[in-house]
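Heads up, the thing below is written out as structure tokens.
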Amino acid sequence: MEPKSVTRLQPDIQEQKPRRRYVFLMSTPALLGLFMFLVIPFFMAVGMSFTDQRLLSPNETSWVGLRNYDRLLNVSGMVQEPVRDEAGQLVLDGDGQVEYPRLRTLLRSDPAMADYKLFSSWDLGEKRYIVLAKDPHFIQSFINTLLFVLLVVPLQCGLALALALLINRQLRGIFLYRTVFFSPVVTSIVVVSIVWSFLYHKDLGLFNHYLQAMSFGLIGPIDWLGDPAWSMPSIVIMSAWQAAGVQMLIFLAGLQGISPDLYEAADLDGAGPWSKFWHITLPGLRNTVVFVVISTTIQAFGLFTQVDVMTQGGPQGSTSTVMYHAVTKGFREQDIAYGSAISVIFFLVILGIALFQKRLFDSKGDK
Amino acid sequence: MADLKLTQVIKRFGDLETIHGIDLDIKDGEFVVFVGPSGCGKSTLLRMIAGLEEITDGDIHIDNECVTRVPASKRGVAMVFQSYALYPHMTVRENMGFGLKMAKVSKHEITRRVDEAAQILQLGPLLDRKPKALSGGQRQRVAIGRTIVRNPKVFLFDEPLSNLDAELRVKMRVEIAKLHGELRNTMIYVTHDQTEAMTLADKIVVLRSGNVEQVGSPLELYLNPANDFVAGFIGSPQMNFINCEVLAVTADMLRLRFPCGLETDMPAMTANVKAGDNLKLGIRPEHVLEDASGELVICVDVDVVEHLGGSTFVYADYAGDISMTLQVGGLSDINGKDKREISFNRHYCHLFNEAGKSIGLRKDALELKAAEKMLPMAG
Ligand SMILES: Nc1ncnc2c1ncn2[C@@H]1O[C@H](COP(=O)(O)OP(=O)(O)OP(=O)(O)O)[C@@H](O)[C@H]1O
Ligand SMILES: [Mg+2]
């Protein structure tokens, strides 16, 4: 407290000026990096998303307004009647199914609809409902990403908490476990992805071998990465395993911040392990949980490497993610303007979700 | 309401034995205080009674029932922690009712008992607050309230007041004494503040490095400390010790020589004493007179004088390296750096043999009082 009162006594200007200079001096390298690699590129991306710039192109770049965003987000719907003959009878195809007019012909014939492609359709009653999008891949990738986040966040956070609870005790050699659980984090995600691709292999993979051995041949073999129903869950499991170590350490720090007296008081109060977890550990970890969930969510939205290495977005687009789509469009197809538009939209979505989560946790804490 | 009995209780942490076979009998409704220097095992012993620390060897009985292997929650004890250990996210009401909730007591009954305890401790207006929004003293009361609600057989307190400021400490001490008066439960209280020990206890247990040194009422420990450790620990300021040499021994008298050469006779239990032994003579600061009016007069170099108004503390050196403290009632004319004669009377002296065991005659409060009146006092 002493130095503070001393500074108070001195005139503000004399004291503040050199200090402010140091503040700038010290933060310059970090700020420089932040601006060069984050802030400026971000604004460039925003600017580019209103143009038709391509990565390598002889053509002059020009402003196109909101065209990229329109292409990205435009979704439309349509209801089709089945094809009927002159008598008004339903025309059946070779398999005895009701026949509908060919969609492509329909879209081609209407200039306003020419840019739309089929995203999804389903038959209900004697009608066919069709969802159209200008970029169905993006919509699919967006849904995939949301699915990934919804699956991986609870799994990864739960796993991290469970591991933290397991190793939060004074046992000899506990640091060994800590290291083991943390080691996937320091392993390159590319390496991990390649190794897991082998583990997931349909015929040679370890998982299928174990599954079959343990179920006496009843289960599997599962085509983990080749089956659209399994491909995303497979990536979820692997990602959670790979990244949980970080959250585990954060939880561990949180756990060590809870006074052991509370557990002893609860012992005397007759609380069992479950009650102690529910009434002491979880409330004690509240702030940690908020931080971990928000940071994990944001991290999960950026899913790219695992997909790129293991499935390239397949099979049938079932593992394509927004990030993957952006990179594919922007760099592999060289449509950098469109890629930028994807990033901008994506940024807004993540920002919104992070703010929403924070609001949610904050309001819970107040009650 | 319960008796508590410890038989040969031992605690080892790994190879390190910190409690060495303690026997203790505590009667129903007694207020027992464990005192001792830091690290002597007070908390460990208390936690073993609570069931928070495993008992390496020996037995604990509560209400004639062996609870050595009974989990904490089933022993019928409740504990107030030094850190209060209130559940931070629960309101005061929830904190106090948590134990009952865990015991599956009905909501209605919980409310009733919490309200009752809140009434005793004047916590009524605070029931809906979180611990964060309470002062230290209020938190302490909540922690006590939490134990009252459960109506335990034995209350345990581990240095409950050490986090409070001096004023609040005195206030809470009185409240705890009042509480014991009202509830009449068995209470065990750990402290290293001996004022707390003296004022609260029916019975004080003095511990030193895992052993019981003496058990007795506060006055008993003050008048008849079993050894020099207890004598030094109980009473404030600390008792003065003077090394004396035994010159001659008779059936009930010792002839002693003080470091300054003074020779005198002193009544004692002389059974195991022989000429040439070194003894420790103890005299409490409040029994030293600031002039030569007492029976035994010695000369000291006064070092520092503290005038507190109501009393005066004098710190002096005797025979070179023995420090003597005097507590003089009221004001004193002693000045720092004086050379001065002080004195004391025989019946206030304590004698300890070379092993530290008391060999003085038993003192009795009433006899002391009577002896005091007969002696010529300084005028
Ligand atoms: N978990 C433990 N492992 C090893 N030794 C321990 C442990 N807990 C306590 N001890 C030792 O046991 C002895 C008694 O400790 P305890 O906490 O009971 O002392 P205390 O009398 O309560 O002291 P204080 O007045 O400082 O609270 C100390 O020497 C301490 O180092
Ligand atoms: Mg202690």
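Any residue at all in region B:54-75 that is in contact (Cβ under 8 Å) with a residue 60 or more places away in the chain, within 16 Å of ligand 2 (Cβ to nearest atom) and under 24 Å from the mean Cα position of the chain (by Cα)?
No: zero hits.
Starting from region A:293-304, take each residue that is not assigned by TED's automatic domain parsing to the domain that holds A:VAL149 and list its partners that are among the charged types (D, E, K, R) and open to solvent by less than 40 Å² (accessible area, probe 1.4 Å), counting only C-beta distances under 9 angstrom and pairs at least six apart or across chains.
none
Could you tell me whether any residue of region B:63-80 is open to solvent by 30 Å² or more (accessible area, probe 1.4 Å) and within 16 Å of ligand 1 (Cβ to nearest atom)? Break it down into steps so the answer makes sense when it comes.
Initially, region B:63-80 is screened for residues open to solvent by 30 Å² or more (accessible area, probe 1.4 Å), giving B:63-66, B:69-71, B:73-74.
Keeping just the survivors that are within 16 Å of ligand 1 (Cβ to nearest atom) gives none.
No, that holds for no residue.
Please tell me if B:PHE13 is open to solvent by 30 Å² or more (accessible area, probe 1.4 Å), within 16 Å of ligand 2 (Cβ to nearest atom) and of a type in the set (Phe, Trp, Tyr). Reasoning before the result, please.
On the way: open to solvent by 30 Å² or more (accessible area, probe 1.4 Å): yes; within 16 Å of ligand 2 (Cβ to nearest atom): yes; of a type in the set (Phe, Trp, Tyr): yes.
Yes: the conditions hold for B:PHE13.
Would you please name the residue that is farthest from B:MET172 (Cα to Cα), looking only at residues in region B:114-132 that are open to solvent by less than 60 Å² (accessible area, probe 1.4 Å) and within 14 Å of chain A (Cβ to nearest Cβ)? Can you show your working first?
Quick first cut of region B:114-132, residues open to solvent by less than 60 Å² (accessible area, probe 1.4 Å) only: B:114, B:117-118, B:120-121, B:123-124, B:126-127, B:131.
Next cut, within 14 Å of chain A (Cβ to nearest Cβ) only: B:114, B:131.
Working: B:VAL114: 20, B:PRO131: 18 Å.
So the residue we want is B:VAL114.
Determine which member of the set B:LEU207, B:LEU254 is more than 30 Å from B:GLN119 (Cβ to Cβ) and within 16 Å of ligand 2 (Cβ to nearest atom).
Numbers: B:LEU254 fails: within 16 Å of ligand 2 (Cβ to nearest atom).
The unique qualifying residue is B:LEU207.
May I ask you to list the residues in region B:148-178 that are away from ligand 2 (no atom under 16 Å from the Cβ), open to solvent by less than 10 Å² (accessible area, probe 1.4 Å) and not β-branched (Val, Ile, Thr)?
B:PRO152, B:PHE155, B:MET172
Could you list all residues from region B:198-229 that are open to solvent by less than 10 Å² (accessible area, probe 1.4 Å) and aliphatic (A, V, I, L, M)?
B:ILE204, B:VAL205, B:VAL206, B:LEU207, B:LEU221
Which of the residues spanning region A:258-271 are surrounded by fewer than 21 Cβ atoms within 10 Å (Cβ to Cβ), facing chain B (nearest Cβ under 8 Å) and under 18 Å from B:ARG150 (Cα atoms)?
Going through region A:258-271, the residues surrounded by fewer than 21 Cβ atoms within 10 Å (Cβ to Cβ) turn out to be A:258-261, A:263-264, A:267, A:270.
Now restrict to residues that are facing chain B (nearest Cβ under 8 Å): A:259, A:261, A:264, A:267, A:270.
Hits for region A:258-271 are A:GLU264, A:ASP267, A:GLY270.
May I ask you to verify whether B:LEU86 is crowded, with 17+ Cβ neighbours inside 10 Å and within 14 Å of another protein chain (Cβ to nearest Cβ)? Give the derivation first.
On the way: crowded, with 17+ Cβ neighbours inside 10 Å: yes; within 14 Å of another protein chain (Cβ to nearest Cβ): yes.
Considered against the rule, which asks whether it is crowded, with 17+ Cβ neighbours inside 10 Å and within 14 Å of another protein chain (Cβ to nearest Cβ), B:LEU86 comes out as yes.
Looking only at residues in region B:16-51 that are within 11 Å of ligand 1 (Cβ to nearest atom) and in a loop (DSSP other than H, G, I, E, B), which one is nearest to B:GLU182 (Cα to Cα)?
B:GLY36
For the structure I just gave you, tell me whether A:ILE280 is within 14 Å of chain B (Cβ to nearest Cβ), part of a helix (DSSP H, G or I), touching a Leu at 6+ places or on another chain (Cβ under 8 Å) and surrounded by 21 or more Cβ atoms within 10 Å (Cβ to Cβ).
Details: within 14 Å of chain B (Cβ to nearest Cβ): yes; part of a helix (DSSP H, G or I): yes; touching a Leu at 6+ places or on another chain (Cβ under 8 Å): yes; surrounded by 21 or more Cβ atoms within 10 Å (Cβ to Cβ): yes.
When the stated conditions are applied, A:ILE280 passes them.
So if I check each of B:PHE98, B:PHE81, B:PHE34, which one is within 16 Å of ligand 2 (Cβ to nearest atom) and within 14 Å of chain A (Cβ to nearest Cβ)?
From the options B:PHE98, B:PHE81, B:PHE34, the qualifying one is B:PHE81.
Hey, which of the helices (runs of 4 or more DSSP H) in region B:107-223, taking only ones fully inside, have at least 3 residues that are of a type in the set (S, T, N, Q)? Before the answer, list the steps.
Numbers: elements: B:107-121, B:136-149, B:166-183, B:194-200, B:218-223.
By residue number, B:136-149, B:194-200.
The values are calculated or read from the model by the stated rules, or taken from the named source; none is laboratory data. The structure presented is a predicted model; accordingly, all values stated were derived computationally and were not measured. FYI the Cβ positions are ideal-geometry reconstructions off the backbone, even for glycines, and counts take in every protein chain you see. What goes into the accessible areas is simple: the full protein's heavy atoms, side chains included, and nothing from ligands, DNA or RNA. Shrake-Rupley method; radii C 1.70, N 1.55, O 1.52, S 1.80 Å.
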